[in-house]
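Taking it in order: structure first as structure tokens, then the write-up.
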Amino acid sequence: MISHIILMGITFSFGVYFIVLKEYFNATAMQTLWIGCINTGLVLGGGPIAAITLNKFGCRPSIIVGGLLAALGFLLSYFVTNTYQLMLTYGLVTGLGFGLVYTPCVVMVSNYFNKWRYLATAIACTGEGLGFVIFPIIFNLEIEHYGWRGSMIVNAGIVLNLVVCGFVMKPCQTDRAIVKMDLIDASLLKDFWMFLFAFSMIFWNIGTIVFHFIVSDYLIENNIETGKAIYFLTIMGVANMIGHPFAGLTVLLPSLPHANKWIYVTSVLIYGTGTLLFVLDTTYEWYIFLGIVVDFFWGLQLGCMANVIIDLFGMEKFNHSYGYQMFSQGIGNIIGPPIAGMLNL
């Protein structure tokens, strides 16, 4: 859970930096978005690379190397002079490091448990929601006291805790046997349901990542105070955190067929509808209501995603199937900014 708090909390709290960096570099919204979207694109899109490394070397080495690489990216970000350099340091280097950490963390939890796998995975992923709660506050305090450059050094220190997480994680039995597996499962690439699910992931992430990165800036443009706009991210994070563990309750409903899939589809539908309703009013109370609704169901969707993948493709292919889906999400994250630019964001 700690690794999820750090990794996803930092990744999806980029909205705080979006406001600051856009003003500091006098950059366009699309240029600034690219920094965060390359990062999240590689966190998720690095799934196949992470799957290969964990299959070859095991989960722990992948997490340790990823943590070191992510910390290096933050350290290099201190020295940048423009947004393009930040795309390389914060986006590429840190994003790739996070990508090497994320998939193994999910895979290890799924390998630890059998009967309670659905609930365990959902609880572990609750750390993502907790990260959404605390890191907007942490980022804001760092920037106030040390400036955005100084905050990058602080973030590097925080990220090094991922290395510690890698060392203390208990190796699962599959870690010792996993090297015997094929590095790439070609059969999954021919699976129609894999293709369909991956296709949906691309479009889903085009929308979600842009929304979460710009929502605070959107509130400011609609005359909401900057402090309230940043605090709004924390409120959404609380809702997201609460939504995650509910996904694991399907373990208590063994007689309900396709429970994980129904929860997943319903969550996506409500989330998408909720984001569309943001334009109907400009009051802070309206934004708070919608933010709670959409992020609760986003948390519910994220909490059951791994379980849906297991249901669809089986536990024996989980390493590869999860990695492929993460890659699809990464594509959506990376192509989101130019699409938003074409819509005159």
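Nothing in this text is a laboratory measurement; each read-out follows from the coordinates by a stated rule. Since we're looking at a predicted model, the values are computed, not measured. Because the Cβ atoms are built from the backbone with ideal geometry, glycine has one as well, and the counts that use them run over all protein chains shown.
Does a label point 7 Å from the Cα of T273, set along Cα-to-beta-carbon, have any residues of the range 299-319 with amide nitrogen under 17 Å, and which are they?
The answer is 299-301, whose backbone nitrogens lie closer than 17 Å to the label point.
At 7 Å along the Cα-to-beta-carbon direction for both L196 and F79, put a label point, then send me their distance in nm to one decimal.
Going by the 7 Å Cα→Cβ label model, 5.1 nm.
If you keep only loop residues by DSSP, which chymotrypsin sites (Phe, Trp or Tyr not before Pro) in the range 74-111 have at most 16 other Cβ atoms within 10 Å of their Cβ?
For chymotrypsin sites (Phe, Trp or Tyr not before Pro) across the range 74-111 that sit outside H, G, I, E and B with at most 16 neighbouring Cβ atoms in 10 Å, the list reads Y78, F79.
Residue farthest toward the positive end of the dipole of the range 194-345, with Cβ of Lys/Arg at +1 and Asp/Glu at -1: which of G272, V308, Q329?
V308
Roughly how compact is the range 16-87, stated as its Cα Rg over 2.2 N^0.38 Å to two decimals?
1.32
With the alpha-carbon atoms as the only input, what is the per residue convex hull volume for the range 257-345 in Å³?
About 103 Å³ per residue, rounded to a whole number.
Eigenvalues of the Cα gyration tensor times 5, then square-rooted: what semi-axes does that give for the chain, in whole angstrom, largest first?
Gyration-tensor ellipsoid for the chain: 30, 24, 18 Å.
Just to confirm a number: summing +1 for Lys and Arg and -1 for Asp and Glu over residues other than I10 whose beta-carbon lies under 15 angstrom from that of I10, what do you get?
Every neighbour counted, the sum reads -2.
Determine the distance separating the Cα centre of the range 47-107 from the Cα centre of the range 271-345; give it in Å without decimals.
For the range 47-107 versus the range 271-345, the Cα centre distance is 21 Å.
With each run of n ≥ 4 DSSP H residues scored as -39500 (n - 2.57), what mean residue ellipticity at 222 nm is computed for the chain after dividing by its residue count and rounding to the nearest 500 deg cm²/dmol?
Counting only the DSSP helices, I get -27000 deg cm²/dmol.
Treating only the Cβ of Lys, Arg, Asp and Glu as charged (+1, +1, -1, -1), what charge dipole size does the chain show about its Cα centre? Round to the nearest 20 debye.
980 debye
Between G207, P338, L162, whose Cα lies farthest towards the positive end of the dipole of the chain when Lys and Arg beta carbons carry +1 and Asp and Glu beta carbons carry -1, centred on the Cα centre?
The Cα lying farthest towards the positive end belongs to L162.
Once you've got the GNM for the chain with C-alpha springs shorter than 10 Å, pick whichever of D217, D281, D311 has the biggest mean-square fluctuation.
Among D217, D281, D311, the largest GNM mean-square fluctuation belongs to D281.
Simple spin-label model, 7 Å along Cα-to-Cβ: T282 to M342 in nm?
2.9 nm
Explain nothing, just the number: relative contact order of the chain, from Cα pairs under 8 Å at least 6 residues apart, as a whole percent.
After rounding, I find 30 percent.
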